Amino acid sequence: MKKYVFGTPIPTGAVVAEAEQCRAEDIPYFSVSDGNVLNFKMDNDTAVYGLGPNVRGINKRGWIYEAFNTDEVLHVEDRRRLYGSHTYLLIDGAVKFGVFIDTAGFASFDIGYTKSDDLTVTVGDGNFTAYIFEADTLTGLVKELRKLTGSSYVPPLWAFGFNQSRWGYKNEGDIRSVLENYRRMDVPIDMITMDIDYMDHYKDFTVDEEKFPKFPEFVSEMDKEHIHLVPIIDAGIKAEEGDPVFEECMEKGYYCKKADKTPFYLAVWPGKCVFPDFMNDDAARWFGDQYKFLTDMGIRGFWNDMNEPSIFYSFDRLKMVMDKIGDYKDKDLDVSAFWEMQALLSKISQREEYTKDFHHTVDGKLISNEKLHNIFGFKMSKAAAEGLERLVPNERTLIFSRSTFVGLHRYAGMWYGDNRSWWEHLKLNVRQAAEANMSGFIYSGADIGGFGSNATEDLAMRWLAFGIFSPLFRNHTALGTRDQEFYRFEKLDDFRNLVRLRYALLPFIYSEVMKTACNDDMYFKPLSFVYEDDKRAKEVEDELIVGDSILIAPVCEQNRTGRYVYLPEKMRLYRMRSQTDYDTQVFEKGDHYIECALNEVLIFVRPGHVLPITDARSVSSSYDVDFDSLTPLKFDENERVEYIQYFDGGTTREMNFEKFTRKIEF
Ligand code: GLC
């Protein structure tokens, strides 16, 4: 592992290990020009991985991606940036190496877009550190990256249960009704998420007393049912006199500032807000301490949102537009005048421009957000995680973030933001799951069923059939979309069986995640990361290896009764309708058309491996799951196989492979 420093980079906090420093001009593999452009020549067979959950393929070749965290509501293939910046690439060709570009500002990765054999990384203002690492295998490269940036966060065991969410649950009654409906349907559940409506006028660290008159009692009522409430926390603090959080933030000067050092006012959900200055260590600590308001009431799980940061408008820009818009009143606008007016209006919410308008205080100096932009969400969620560690030192807590940067995986999980109820986005979810794992975000997931647009029953079921493997297992949807809790649909038995299958798989999923976290490995792997010499496997991006034992092949298209599956080796299929209802058959290496009805899940067990399952037929949450009596689903029934199980009770902050694993012979 070697590092090459260009200019004078601002530290990001991504790296935890020392690397040997070499002269920038000696950087291998790349030719450097203009002080900020790195070029690598790719041969025809080179595949390029990395960049975290993003649009397009797992092999990122053939597109241009930008690192500049953005609240992007449409994850379509012509986008270049989403919520996070994972500024590393793994190069898999005649040479195998990784490069991590450590910068908090803008960077672009042109991976054969402008010229098919050119990989060109252009780093904003030329102040960055490039780390180069090598290994013989792709998972070896992943491990090197993890050595550099630290080991992954893991949440408590209950965070691996089923989580029901919706933007629109308003009060205790709505949440009770979700639980009652799942109980009536006999579906296990561990969490119900509380989106922005639980707050008093969307103010962080408040609970609306009309909607939740006795919140601590409500939390313990849910706790008795083994339900964890998971409230949202947004990056903006409502600017309202009398609000203690806002007043303390202002008094202590912990807010982001304009160039003249006055507060930068912006609007998000609550209207006028300030951003706490997460780059300032005292402010970050203060922000982390605010979670006490909710941990004191028994809350142990949070999701941090709008932290790219997302801004509806700033007061200065809104005023500027309002002042000018009058010029267009009552005029007959020709096309250019009309476009001019449109451009003026779009200035209201030009998020990129705002990054120049507000500043952070680092070592007493003001630095514009533009230069630190990509670590804003990282610093917010790090502040939260560290706060939670101080507040609840003896327990693991749940935290996941929308905006991410390399290194945040040490503190939090992530979800992939506002997807849609589209079949294309189910496919995207499969690829993003592998991409998040590469960066170390093992606890991650997408909104199952899709966030925007309206889910159909078949989409929800196919998505669930993939989602049961996802560490973050959350059904979430947007305000105004069709209801998509599983009890809203007709085929209740099938939905129940699938969710129950998740709980039957829980000992395996938990164990594989924990082993992966201990070994700096990936829980979801693309086939190309396991069967590196198999050319065909390299092109399969809609199947994944889960942990060590199984290959999954979700059906991601509508009106299908099966799908083509490529098997890189001989495997045994378990086509499961429930934990007890399945058929099984061995398939040779190669391509096969495999039938898969809407209520079925395709699980292929690898030779020499086993999938242990537990009896989850009567569990109501992860609390009831039996981690001891496991039934093996083997490749070969007559073969003795060993399984290394990790189990630690699921709450301790201690991670210890030796202490918490046991060998089970099946
Ligand atoms: C953002 C989040 C979404 C949430 C909504 C309201 O769009 O990504 O998950 O439901 O805000 O808080």
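The values are calculated or read from the model by the stated rules, or taken from the named source; none is laboratory data. Worth saying up front: this structure is predicted, and the values here are computed from it rather than measured. Positions of Cβ are generated from backbone atoms using ideal geometry, with glycine treated the same way; all protein chains shown enter the neighbour counts. The protein model used for the area step is the full one, side chains on, heavy atoms only, and it has no ligands, DNA or RNA in it. Shrake-Rupley method; radii C 1.70, N 1.55, O 1.52, S 1.80 Å.
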Inspect segment 599-619 for any residue being open to solvent by 30 Å² or more (accessible area, probe 1.4 Å) and in a strand (DSSP E or B) and give the result as yes or no.
no
Test: T295 is among the hydroxyl-bearing types (S, T, Y), open to solvent by 40 Å² or more (accessible area, probe 1.4 Å) and more than 16 Å from the ligand (Cβ to nearest atom)
no
May I ask you to list the residues in segment 253-269 that are under 20 Å from P231 (Cα atoms) and open to solvent by 20 Å² or more (accessible area, probe 1.4 Å)?
W269
Result of the Cβ filter at 6 Å on segment 60-77, keeping first residues that are assigned to a strand (DSSP E or B) and partners that are open to solvent by 20 Å² or more (accessible area, probe 1.4 Å) and within 16 Å of the ligand (Cβ to nearest atom), at least 6 apart or interchain, is E66/R81
Please enumerate the residues belonging to segment 298-330 that are of a type in the set (G, A, S) and within 16 Å of the ligand (Cβ to nearest atom).
G301, S310
Give the residue, chosen from G93, G84, that is within 30 Å of D418 (Cβ to Cβ) and either more than 16 Å from the ligand (Cβ to nearest atom) or buried (at least 16 other Cβ atoms within 10 Å of the Cβ) (or both).
G84
Filtering segment 425-475 down to residues that are among the β-branched types (V, I, T) and in contact with a His (Cβ under 9 Å, 6 or more places away or on another chain), which residue is farthest from the ligand (Cβ to nearest atom)?
I442
Could you go through segment 158-171 and let me know if any residue there is near the ligand (Cβ under 10 Å from one of its atoms), buried (at least 19 other Cβ atoms within 10 Å of the Cβ) and either touching a residue at least 12 places away in the same chain (Cβ under 8 Å) or hydroxyl-bearing (S, T, Y) (or both).
yes
Does segment 385-418 hold any residues that are of a type outside the set (D, E, K, R), within 16 Å of the ligand (Cβ to nearest atom) and farther than 17 Å from M438 by Cβ, and which are they?
L398, I399, F400, S401, S403, G417
Search segment 345-360 for residues that are at negative phi and open to solvent by 60 Å² or more (accessible area, probe 1.4 Å) and pair each with any residue that is in a helix (DSSP H, G or I) and not polar (S, T, N, Q) when their beta-carbon atoms are under 7 Å apart and the residues are at least 6 apart or on different chains.
L345/V321; K347/R317; K347/V321; K356/E370
